[in-house]
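Asks: Below is one structure. I have some questions about it.
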Amino acid sequence: MKNWLQNKPTEITTSESRRRFMQAALAMPLLLALPAQAFAGASIHKLQGGVFINNRQANADSRIRAGSKIVVAHDGELVFSIGHDAFLLKGGTAVELVGGTALSGLRLLTGSVLASLGTRSKPFNLVSSMAIVAVRGGAVYLSAEPHRLYTWTRYGQSELRFGRQRQRVSASHDTAYEIVQDPAGRHGDNMAGMSLNSMQVLDQMDDELRMLESLVGRVPAFDRQP
């Protein structure tokens, strides 16, 4: 693993396009009402390039809490853990964290997130404009575009919810789908015309998953002895 957390973040020059990207991402309304309680045990493990928390450039001591809005610039990357969950946000990603004393969800506004999630009784919801991916534990990757969502379940159980449709996924190996939406207005219902397509896995990220699992004291399912 390379480019591990340094004491000072990389200095960047914020261009007009980047400022517009951040403003558009942070201006989007909250999907859920978020309490003001901080998550216990939130830690930043890697911070590379331009990373902003609540519109302020982040550093190793920045706090991540309920309601935090995180933007990772196109040259950046962020790895953090909260309790038994760990996340990698790639460049060009904007998210909002959802929950109270325990993390219960993440809203993906744009970009890509890889998540290693501990087993739980209530699902963890990864929410995008296209769909909700409800996960009860395991490893999942989401990449969001305006009219397309790619989701990859490396292992664990999840459920894809889009429009009035639901697709259960129980993966002991790679399972990938894309959800594609027709142009708005064609059917008079912006959820109509959505389709779920089985996909080949676009990127293998086992090394990244090993790193995330190690941060929360787990061994990835694909490395466990039978």
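Asks: Ranked from highest to lowest mean number of other Cβ atoms within 10 Å per residue, what is the order of the peptides 91-101, 49-59?
Replies: 91-101, 49-59
Asks: Ignoring ligands, DNA and RNA, what percent of the 1.4 Å accessible area of the range 63-123 is carbon and sulfur?
Replies: 48 percent
Asks: Provide the percentage of antiparallel DSSP beta bridges, counting only those with both residues in the range 40-145; round to the nearest 5.
Replies: Counting only bridges with both partners in the range 40-145, antiparallel ones make up about 95 percent.
Asks: Another question about this same structure. How charged is the neighbourhood of E96? Take every other residue with its Cβ under 14 Å from the Cβ of E96, and add Lys/Arg as +1 and Asp/Glu as -1.
Replies: +3
Asks: To the nearest 0.05, what FRET efficiency results for N197 and H74 with a Förster distance of 30 Å applied to their C-beta separation?
Replies: Approximately 0.65, to the nearest 0.05.
Asks: Now for a different question. Using Cα pairs closer than 8 Å and at least 6 residues apart in sequence, work out the relative contact order for the range 52-198, in percent.
Replies: Worked out over the range 52-198, it gives 13 percent.
Asks: Would you mind telling me the antiparallel percentage of the DSSP bridges in the range 93-139, rounded to 5?
Replies: In the range 93-139, DSSP labels about 80 percent of beta bridges as antiparallel.
Asks: Rolling a 1.4 angstrom probe over the protein heavy atoms, how many square angstrom per residue are accessible across the range 74-142?
Replies: Heavy-atom accessible area per residue stands at 27 Å².
Asks: If I take R0 = 45 Å and measure r between the Cβ atoms of R166 and R224 in this structure, what FRET efficiency does the formula 1/(1 + (r/R0)^6) give, to the nearest 0.05?
Replies: Here the calculated transfer efficiency is 0.95.
The values are calculated or read from the model by the stated rules, or taken from the named source; none is laboratory data. As the structure is a prediction and not an experimental result, all values here were calculated from the model. A quick note on method: Cβ atoms are made from the backbone with ideal geometry, for glycine too, and the neighbour counts reach across all protein chains shown. Accessible surface is based on the protein model in full, side chains and every heavy atom, while ligands, DNA and RNA are left aside. Shrake-Rupley method; radii C 1.70, N 1.55, O 1.52, S 1.80 Å.
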